[in-house]
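The values are calculated or read from the model by the stated rules, or taken from the named source; none is laboratory data. Bear in mind the structure is a predicted one, so any value in this text is a computation, not a measurement. No Cβ is skipped: glycine too gets one built from the backbone with ideal geometry, and neighbour counts run over all protein chains shown.
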Amino acid sequence: MKRQENFDEAVTRAVERIRKNEDDDLVLSIPAPGSKPRGKMTDEKKAAEIRRRLVYFNVPTVGTWESRYGRLIGNTDFRTSNTYSSTDEDTLLWLRRGELESDMINTRPWNPGNLEDRLEAIRKLSRVRHPQSFLPKLRTLCAEAGVALVIVRPPTGCKASGAARMVDPDKAMILLSFRYRSDDQFWFTVFHEIGHLVLHKANTFLDGDETPFNDKEQEANEFAESCIIPGLRASEFERLTPDKDSVIRFSVSIGIAPGLTVGQMQHRDMIPKSKLNYLKRRWKWEEIDPALP
């Protein structure tokens, strides 16, 4: 109770400091969960809305929020634009929800080498059909390397497939949206985010259809591709004939689900996007939800 009292007092001081030194409209442009305030914005209501944003994002100042979140979406300069699109807001709220959920996951200290050591075990999980069977094992493997694996159903406007971020000095987070709910997209995103953590250290990455393509995104893509199709089998993969039996035999021989092979064949323009899709596994949220903590 004393800690709660101290926290409440600290938040009150932060709100008063912000109201004295900052532009209220700037602060209220920070997205917040729940419905937007209606009616006249009295001083009391403004203070409550500012408090809600500080508590949700766990920041004492606008500057702290800006440094942690303000430039994650594209190249937006929060203090100049003073606003975000609804899509950006949903993505930021999705990211913060992931951070809050990661706080409840116990992990060992972050160790990129330990994560790389578990890549083969993670690959094998792609062969498991049901999320209720493979997600708990995937979370455990990640936690052993210091990574909190979090899955949050995306808000309507959120276009992100995954994110990677250091949430504490000794704890990383991989946040997944299950946006496409197919095995090739899901596992590629898993390996892509692992690539960001292993290759790019403590930087924050949000990945989706509108993510600017740069060298680091290319490196993470190549990392994911090599996790799915091992380099020693690349030439054999490139000669693969686009028929069901050949794809299944090859997939079994390298230890992955056929859907991942099909996804890579489509991605590399070996076959049309419409071909062999029946080999992919697709899930409904009714199958995913029971697998979430």
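When restricted to residues that are free of Cβ contacts under 8 Å to residues at least 24 places away in the same chain and of a type in the set (A, V, I, L, M), segment 16-67 contains 3.
For every residue, the table says whether it meets (1) among the aromatic types (Phe, Trp, Tyr); (2) farther than 25 Å from Trp283 by Cβ; (3) modelled with pLDDT of 95 or more.
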| position | (1), (2), (3) |
| --- | --- |
| Ile105 | no, no, yes |
| Leu125 | no, no, yes |
| Pro131 | no, no, yes |
| Phe134 | yes, no, yes |
| Leu141 | no, no, yes |
| Val150 | no, no, yes |
| Gly157 | no, no, no |
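Please go through segment 239-259 and give me each residue that is touching an Asp or Glu at 6+ places or on another chain (Cβ under 9 Å), of a type in the set (Gly, Ala, Ser) and surrounded by 14 or more Cβ atoms within 10 Å (Cβ to Cβ), ordered by number. Across segment 239-259, the qualifying residues are Ala257, Gly259.
Conditions tested, residue by residue: (1) under 19 Å from Cys227 (Cβ atoms); (2) touching a residue at least 24 places away in the same chain (Cβ under 8 Å).
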| position | (1), (2) |
| --- | --- |
| Thr140 | yes, no |
| Ala145 | yes, yes |
| Val152 | no, yes |
| Ile174 | yes, yes |
| Arg181 | no, yes |
| Phe191 | yes, yes |
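Only one entry of His196, His200 meets the criterion of being surrounded by fewer than 19 Cβ atoms within 10 Å (Cβ to Cβ) and touching a residue at least 12 places away in the same chain (Cβ under 8 Å), and that entry is His200.
Only residues that are at pLDDT 90 or above and of a type in the set (S, T, N, Q) were counted in segment 210-234, giving 3.
Here Tyr56 clears all of (1) surrounded by 13 or more Cβ atoms within 10 Å (Cβ to Cβ); (2) over 26 Å from the mean Cα position of the chain (by Cα) except the condition numbered (2). Among what's in segment 121-157 and is in a loop (DSSP other than H, G, I, E, B) and of a type in the set (Gly, Ala, Ser), pick the residue that is surrounded by the most Cβ atoms within 10 Å (Cβ to Cβ). Per the stated criteria, the residue is Ala145.
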